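Participant: Starting off with a structure, shown below.
The values are calculated or read from the model by the stated rules, or taken from the named source; none is laboratory data. As the structure is a computational prediction, the values presented were derived from the model and not from experiment. Don't worry about glycine lacking a Cβ; one is built from the backbone with ideal geometry, like all the others, and counts go over all protein chains shown. Just so you know, the surface numbers come from the protein's heavy atoms only, side chains and all, with ligands and any DNA or RNA stripped out. Shrake-Rupley method; radii C 1.70, N 1.55, O 1.52, S 1.80 Å.
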Amino acid sequence: MLNVLIPLSGKNSFEVSNLNSFPRILTEVEGKLLIERAAQPFKQLSMDKSITVAVPKQEAEKYQLEKVVTLLGSDFQTCIINGNTQGAACSALLAIETFELDEPLIIASFEQVMDFDISSLIQDFIDEGVDAGVLTFEAIHPKWSYVKTNKQGYVTQAAEKMPISKQAIAGLYYYKTAHSFVEAAKSMIQKDVKTNGSFYISPTLNEIILNKGIVKSLSIDKNKYFHISDEHALESFEVRISEERDNLKARLVERTKNYVEAFNNKKISEVGEFFSLNFVLEDPAIRCEGRDNVIDYIEAIFNSHDTLSFCALNIFITDNLESIIEFKLTLGDKTLVGTDVIRWDNDLNMISMNAYLYEKTDG
């Protein structure tokens, strides 16, 4: 079991402003709360996991965070922390008391969005058997924490708010066991290793290295990492997401048009390329599951009619990124009118299509 811990206890985590009366993590961006977007890569981890979000009692009650967190998914739970702590490391130590200490641990943040699959990266740490690991991106600003690495990509030093290299930590820390983090954090606190009066997570890597542990660094695409630390960063993220959604809608319109063209030209091989492996087609006459079965069904329609015309009267893209085709379908001397509702996956392959149609008569 992989334990994921998200300490939400920093002094800036629950700041509000004249523009936003709720903390940034509860800001809605294109129909999703920021906390939902931040949680997504952890929800998608392809391994057994338990995700704990540690929140101060006062803020948990004020913003109903226990309810919000549990709605993120069945793997999510909260840990309520009483009073203020001296930083993320202290909050993590308080929350970790209920964990299985021999299991792997990830410590991350919900003030960041990683718009990529992290499963393979975490699996890399696990498979190599390293004692700890971090994800990094290129930067030089002193607001980040940093690591130095050798030629093999192993960390030789970590520093908080100090650019000792161009490898900034992307707010995610992996530990081979929760116990190794606990021991490193306790050692760091005993040495009073603080930055701006707080105990941060990054110096625990130095304690592991001093104890002859191996810490690995894996680089990520900076363009897919968003740290929402202030109102300016939030505004930039909102613009980015809005632009991406507009671009995706435009691509879906074009992809839908291409499907209509392939169907109208009775090119079954091209039509089949739009379907995902488990594609489901449902119309008034049949429910057909699986790409190959749907292809056979459509091909039989093509072969049964010398005359076929499929015309899209209108194409709409919903906020849920579904295509809606209002169409007229001519099969021989029969004319059908109706609507196709198409769901797509992230690769813009069709997941399902629901067809609603009826025969058009002169009356």
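Participant: Tell me the carbon and sulfur percent of the accessible area for the range 243-363, rounded to whole percent, probe radius 1.4 Å. List each step's numbers first, then the result.
Facilitator: Numbers: 3050 of 7100 Å².
The computed percentage sits at 43.
Participant: Explain nothing, just the number: dipole magnitude of the range 202-309 about its Cα centre with +1 on each Lys and Arg Cβ and -1 on each Asp and Glu Cβ, in debye rounded to the nearest 20. Write down the numbers at each step before the final one.
Facilitator: Values: 14 positive and 20 negative charges, 86 e Å.
So the dipole magnitude of the range 202-309 works out to roughly 420 debye.
Participant: What does the charge count near F302 come to, summing +1 for each Lys or Arg and -1 for each Asp or Glu among other residues with Cβ under 13 Å from its Cβ? Can you show the working numbers first?
Facilitator: On the way: positive: K266, K267; negative: E270, D296, E299, D306.
Surrounding charge for F302 is -2.
Participant: Based on alpha-carbon centroids, what's the gap between the range 257-334 and the range 70-111 in Å, whole number please?
Facilitator: First find each Cα centre; the distance between them is then 49 Å.
Participant: Which value, in Å² rounded to 10, gives the accessible area of D48 with a 1.4 Å probe and all protein chains present?
Facilitator: The value for D48 is about 120 Å².
Participant: Grab the DSSP H runs of the chain that are 4 residues or longer, score each as -39,500 (n - 2.57), total them, divide by all residues and round the 222 nm result to the nearest 500 deg cm²/dmol.
Facilitator: Details: 10 runs with 114 residues, N = 363.
Helices in the chain give a 222 nm mean residue ellipticity of -9500 deg cm²/dmol.
Participant: Please calculate how many Å² of accessible area the chain carries per residue, with a 1.4 Å probe and no DNA, RNA or ligand atoms counted. Could you put the intermediate results ahead of the total?
Facilitator: Numbers: 18730 Å² over 363 residues.
About 52 Å² of surface per residue is accessible.
Participant: Ignoring ligands, DNA and RNA, what percent of the 1.4 Å accessible area of the range 71-110 is carbon and sulfur? Please report the intermediate quantities before stating the final value.
Facilitator: On the way: 890 of 1990 Å².
For the range 71-110, the apolar C and S fraction of the accessible surface comes to 45 percent.
Participant: How much net charge surrounds Y259 when only other residues with a Cβ under 11 Å from its Cβ are counted (Lys, Arg +1; Asp, Glu -1)? Kindly include the intermediate steps, with their values, before the conclusion.
Facilitator: Values: positive: R255, K257, K267; negative: E254, E261, E270, E273, D340.
Around Y259, the surrounding residues sum to -2.
Participant: OK, next. Over the chain, what is the percentage of antiparallel beta bridges among all DSSP beta bridges, to the nearest 5? Display every interim value, and only then the final one.
Facilitator: On the way: 54 of 78 bridges.
Roughly 70 percent of the DSSP beta bridges within the chain come out antiparallel.
Participant: Using the Cα gyration tensor of the range 215-314, with a ≥ b ≥ c the square roots of its eigenvalues, what is the shape: rounded (a/c below 1.5), prolate (a/b larger than b/c) or oblate (neither)? Kindly include the intermediate steps, with their values, before the conclusion.
Facilitator: Working: a/c = 3.47, a/b = 2.28, b/c = 1.52.
It is prolate, given that a/c is not under 1.5 and a/b is the larger ratio.
Participant: Give me the percent of accessible area attributable to carbon and sulfur for the range 169-223, probe 1.4 angstrom. Display every interim value, and only then the final one.
Facilitator: Details: 1200 of 2550 Å².
The value for the range 169-223 is 47 percent carbon and sulfur by accessible area.
Participant: OK, next. Could you give the size of the charge dipole of the range 88-234 about its Cα centre, using +1 on the Cβ of each K and R and -1 on the Cβ of each D and E, expressed in debye and rounded to the nearest 20? Don't skip to the answer; put the middle values down first.
Facilitator: Working: 13 positive and 19 negative charges, 144 e Å.
Once rounded to the nearest 20, the dipole reads 700 debye.
Participant: Also, I was wondering about something else. Which is farthest toward the positive dipole end of the chain among W344, V68, F274, measuring Cα position about the Cα centre, with Cβ charges +1 (Lys, Arg) and -1 (Asp, Glu)?
Facilitator: V68
Participant: Along the charge dipole of the chain, Cβ charges K/R +1 and D/E -1, which of I118, N247, Y146 sits furthest on the positive end?
Facilitator: Going by the charge dipole, the pick is Y146.
Participant: For the range 35-130, which GluC sites (Glu not before Pro) are in a loop by DSSP, counting at most 15 other Cβ atoms within 10 Å? If you can, show how the numbers build up before the last one.
Facilitator: Values: sites: E36, E59, E61, E66, E97, E100, E111, E128; in loops: E100, E111.
Sparse-neighbourhood loop GluC sites (Glu not before Pro): E100.
Participant: Right, next: Choose one of A178, L308, N265: the residue whose Cα lies farthest towards the positive end of the charge dipole of the chain (beta-carbon charges +1 Lys, Arg; -1 Asp, Glu; about the Cα centre).
Facilitator: Farthest towards the positive pole: A178.
Participant: Let me ask something else about it. Assuming a ≥ b ≥ c are the square roots of the Cα gyration tensor eigenvalues, decide whether the range 215-272 counts as rounded (a/c under 1.5), prolate (otherwise, with a/b larger than b/c) or oblate. Don't skip to the end; give the middle numbers.
Facilitator: On the way: a/c = 7.92, a/b = 2.08, b/c = 3.80.
The shape class here is oblate.
Participant: Using the Cα centre as the reference, give the magnitude of the dipole from point charges on the C-beta atoms of the chain (Lys, Arg: +1; Asp, Glu: -1; all else neutral), rounded to the nearest 20 debye.
Facilitator: Details: 36 positive and 53 negative charges, 274 e Å.
Once rounded to the nearest 20, the dipole reads 1320 debye.
Participant: Can you give me the distance in nm between label points at L348 and E100, each placed 7 Å from the Cα along the Cα-to-Cβ direction?
Facilitator: Between L348 and E100, the simple spin-label model gives 4.3 nm.
Participant: Near K143, within a Cβ-to-Cβ distance under 13 Å, what is the net charge of the other residues, with Lys and Arg +1 and Asp and Glu -1?
Facilitator: Result for the neighbourhood of K143: -2.
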